[in-house]
Amino acid sequence: MEVLLLAAKHLRRLSFRSWVTIIGIVISITAIVALTSLGEGLRTAITGQFEQLGANRIIVSPVSPGRFFAGPLGAEFSTISLGERDLDEIRRVAGVEMATGTMTKPGTIEFAGREINTMVAGAEIDRDTIRLTMQNDDIKPEKGRFLREGDQRSVYIGSRVAYDMFEKEIRLGDKLVIESRRFNVVGVQEKSSVPFNDRMIKIPIDDFKDIFEIKDAEYNMIIVSVAEGYDIDLVVDRITRALRRSRRVKEGDEDFEVQTTQQIISSYETLLTVVQMVVVGIVSISLVVGGIGISNTMFTSVLERTREIGVMKSVGARNGHIMTLFLMESGFLGLVGGLIGLAVGALLAFSVEFTAGLAGFGMIKVSISAGLILFALAFSFGVGVLSGVIPALRAARLNPAETLRYE
């Protein structure tokens, strides 16, 4: 305990130039905290979205050559789409209970004098589609109702759209202007566990085609419900073979993907993990710089305190005590860099979340866990300790007689 107090006392005496040497640690921890927290938030949003669909769901999505994102997320940026013929083929497959297509595009929404940009979804509103949608426990109306057959210029909105995205609360019967067309609000969804659903804006698919000037169906995604008693992997294989025939593509050249919800979740988790590992590897360069800075600071400290080390040894301090003292000082330097990096990283992550929310990307959420905080602090402390090993060894091995004569 005395060593820790002495190490903390010496830290207060370090010059501003010495503190600047931890900038590499600050940059590294900032990047790790910001990117990891955003990545975990995105992972939670994506997995939650597909888990809510249920274990007996299959997602069919188009695939563009050279795409970066796989599955439904990549479908938003795909230059290829699925059509009515594909949906009909899927509905004829043995084991398919229901299937429905969704179309999404970024759109301009106006209400109460404010304009925002967000994703607009065109929803089929036939009986099977409504039943399939309402099976999702996370999509329930808090006020009003879901879209139904015969609706025209009607809109169903998420809770954040209704309460947070405009200065004035949106109520049932209010008018939203979507791409210069007026729509009547018929339902507000209750708050969802999935952020994406809270920003949902759904309109009938015929209205969607009209405002975006689409002649034929261009589905970004087709959701399939597998009938009870059928093996979901077998149904996936049947759908894949049926679409190969109808789209006239060979095995290996498919311009579509057929995946279960669990497969999609696993693929996204793998992708996000790889991206995070690559980013951590890149920012480790600044961590090395920070470690070198701490090491230089500790070497300077050893030179400046040579006589002090001699006095400590002359009154009974052992080499182990001296070494522990300098290791704790270097560790505390790293820990301070970690604390600053943690604060800056969290601030940066929440800033990105806020900016993304204003831009209509509500899926980007921050998730800072206790484990991430402990890892950042322990990691920065450990880097500091490792950076101080050589200076600490040098201090511990100094000859007491020579240190007392040092000027």
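Quick note: the coordinates plus some simple rules give every number you see, no bench work behind them. None of the values given here were measured: they were computed from a predicted structure. Here the Cβ is made from the backbone with ideal geometry for all residues, glycine too, and neighbour counts use every protein chain on show.
A few notes on this one:
- Computed magnitude of the charge dipole of the range 81-254 (debye, nearest 20; Cβ of K, R +1, Cβ of D, E -1): 300 debye
- Among 325-331, 368-374, sorting by the average number of other beta carbon atoms lying within 10 angstrom of each residue, highest first, gives 325-331, 368-374.
- The protection proxy used here, the mean number of other Cβ atoms lying within 10 Å of each residue, ranks peptides 278-290, 147-159 as follows, highest first: 147-159, 278-290.
- Put simply, the amide H of residue 104, placed in the peptide plane, has neighbours under 5 Å in 122, 220, leaving out anything fewer than 5 places away on its chain.
- Kirkwood radius, the range 81-254, all distinct C-alpha pairs, inverse of mean reciprocal distance: 17.3 Å.
- Over 26 Å between alpha carbons, listed pairs 215/250; 168/202; 143/202; 105/191; 105/250; 215/365: 215/250; 105/250; 215/365
- The 3J(HN,Hα) values that the Karplus relation (6.51, -1.76, 1.60; θ = phi - 60°) gives for the range 182-190 are, in residue order, 8, 10, 8, 6, 9, x, 10, 6, 5 Hz. Gly and Pro appear as x.
- When the Cα gyration tensor is reduced to axis lengths a ≥ b ≥ c, the ratio a/c is 1.5 or higher for the range 173-262, and with a/b not above b/c it is classed as oblate.
- Available extension along the chain between residue 143 and residue 212 is 22.1 nm, counting 0.36 nm per residue and deducting the alpha carbon span.
- Distance between modelled label sites at residue 44 and residue 234, nm, 7 Å Cα→Cβ extension: 3.9 nm
- Karplus-derived 3J(HN,Hα), 6.51/-1.76/1.60, for each residue of the range 169-180, Hz, glycine and proline x: 5, 8, 10, 4, x, 5, 9, 9, 9, 10, 6, 6
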